[in-house]
1. Just to be sure, is Thr80 under 28 Å from His159 (Cβ atoms) and either crowded, with 19+ Cβ neighbours inside 10 Å or not basic (Lys, Arg) (or both)?
2. I need the full set of residues from the stretch 272-298 which are in a helix (DSSP H, G or I) and open to solvent by less than 30 Å² (accessible area, probe 1.4 Å), in order please.
3. Failed condition for Ala2, given (1) small (Gly, Ala, Ser); (2) near the ligand (Cβ under 8 Å from one of its atoms); (3) open to solvent by 10 Å² or more (accessible area, probe 1.4 Å), with all others met?
4. So which of Tyr141, Tyr151, Tyr212 is touching a helix residue (DSSP H, G or I) at 6+ places or on another chain (Cβ under 6 Å) and closer than 21 Å to Glu37 by Cβ?
5. Got a sec? Which of Glu44, Glu61, Glu37 is surrounded by 16 or more Cβ atoms within 10 Å (Cβ to Cβ) and either of a type outside the set (Phe, Trp, Tyr) or at pLDDT 95 or above (or both)?
6. Report every pair of residues separated by at least 6 positions or lying on different chains whose Cβ atoms are under 7 Å apart, first residue within the stretch 48-61 and without any contact (Cβ under 8 Å) to a residue 12 or more places away in the chain, second open to solvent by 60 Å² or more (accessible area, probe 1.4 Å).
7. How many residues are under 21 Å from the mean Cα position of the chain (by Cα) and not hydrophobic (A, V, I, L, M, F, W, C) if we restrict to the stretch 55-83?
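The values are calculated or read from the model by the stated rules, or taken from the named source; none is laboratory data. None of these values were measured; they are calculated from a predicted model. So basically every Cβ, Gly included, is an ideal-geometry build from the backbone, and we count neighbours across all protein chains shown. Heavy atoms of the whole protein, side chains included, go into the accessibility calculation; ligands, DNA and RNA do not. Shrake-Rupley method; radii C 1.70, N 1.55, O 1.52, S 1.80 Å.
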Amino acid sequence: MAPRTLVIGGCGFIGSHVVDHLRARGAAVRVLDRRPEAFRPPLEGVEYVFGDFSDTSLIYEALEGVDAVFHGASTTVPATSNLDPVADITGNLIATVRLLEILRNKPVRKLVYLSSGGTVYGIPKTERVHEDHPQNPINSYGIVKTAIEKYIYMEQELHGLQPVILRASNPYGPRQGHTGIQGIIGTYLWKLHRQELIEVWGDGCVVRDYIYVKDLAGLCVEALMQPATGCFNAGSGTGHSVNDIVRVALETTGCETQAIYKSGRAYDVPRIVLDIERARAAFGWHPRMSLEAGLAETWSWVQSQR
Ligand SMILES: NC(=O)c1ccc[n+]([C@@H]2O[C@H](COP(=O)([O-])OP(=O)(O)OC[C@H]3O[C@@H](n4cnc5c(N)ncnc54)[C@H](O)[C@@H]3O)[C@@H](O)[C@H]2O)c1
């Protein structure tokens, strides 16, 4: 039977797709978020609890009657986390450790946590990054994610939690915010929609592993429903350069413009592509969407927005 699931951060980009996939599988869903969804009205049949997940009384309330927890909330993104590491530690690490302590005395065993395949390894030493690659993050966001992973492991070893840590690569797709600080594909498509110029930091050779958000959400739900536990990379397993993204974005939108190249950013690792064989084997999952088809679907969604 589908677990009654608390989705922390369920009004966010990835969380909202996890909510959709859970509902499609017949699960009862409660969302804990500090704000409503940005791109659609509240969903019928979904219970919403609004507030901060660092508020322990709210966590107790939100956990009532729940079998499983998906944690997809973060108060920071890689690009800004170094500006205030103490706030990163307080808002994410301390709040999550408190959540873990509360879970010890609750019937919830399954926790799926969204970590970051793009930051926890630091600068990759291999072409394709396996889960056993050393973790030497070079920003506060990655350090906090790594620390949270370790606390989750401690709960598994000492208190019987059955966690799945998903180290997501670079998700993109409908409902991604377009602030320009995270998510290059969404940023480009929104800019092109507004007939603005698109910018490339560096020479465009930086390679990332882009995963369509619905493929990622599908993996999150398999992780919630299946018995496997542990740490898994969650990407497409394929690398694309920023120049590839520019090309596909221009082809998809039919816009006749050129990207502006600016100087590179120190915190961008040159290349990261994840090895996703462990997730394939454990969950019988595989990413389905090609970059071209995913961009086309995202572009349709962007155009449907006012
Ligand atoms: N988007 C990416 O590129 C990416 C890549 C790897 C990992 N991740 C991780 O996946 C998770 C989801 O990312 P996203 O892109 O969907 O982000 P998002 O900002 O779109 O969604 C996060 C949601 O969490 C909520 N939230 C944040 N802090 C909260 C708090 N203190 N209390 C209650 N709600 C809070 C936000 O309101 C938002 O709705 C995060 O943990 C993020 O670190 C994201």
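1. Values: under 28 Å from His159 (Cβ atoms): no; either crowded, with 19+ Cβ neighbours inside 10 Å or not basic (Lys, Arg) (or both): yes.
Here the answer is no, as Thr80 does not meet what is asked.
2. Keep residues of the stretch 272-298 that are in a helix (DSSP H, G or I), which gives 277-283, 291-298.
Answer for the stretch 272-298, where residues must be in a helix (DSSP H, G or I) and open to solvent by less than 30 Å² (accessible area, probe 1.4 Å): Ala279, Phe283, Leu291, Gly294, Leu295, Thr298.
3. So Ala2 meets the others, but not (2).
4. None of the others qualify; the one that does is Tyr212.
5. After ruling out the rest, the residue left standing is Glu37.
6. Partner pairs satisfying both residue conditions: none exist.
7. 9
Residue-by-condition table, conditions (1) within 20 Å of Gly117 (Cβ to Cβ); (2) open to solvent by 10 Å² or more (accessible area, probe 1.4 Å):
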{"residue": "His178", "(1), (2)": "no, yes"}
{"residue": "Gly183", "(1), (2)": "yes, yes"}
{"residue": "Gln195", "(1), (2)": "no, yes"}
{"residue": "Gly202", "(1), (2)": "no, yes"}
{"residue": "Val206", "(1), (2)": "yes, yes"}
{"residue": "Tyr212", "(1), (2)": "yes, no"}
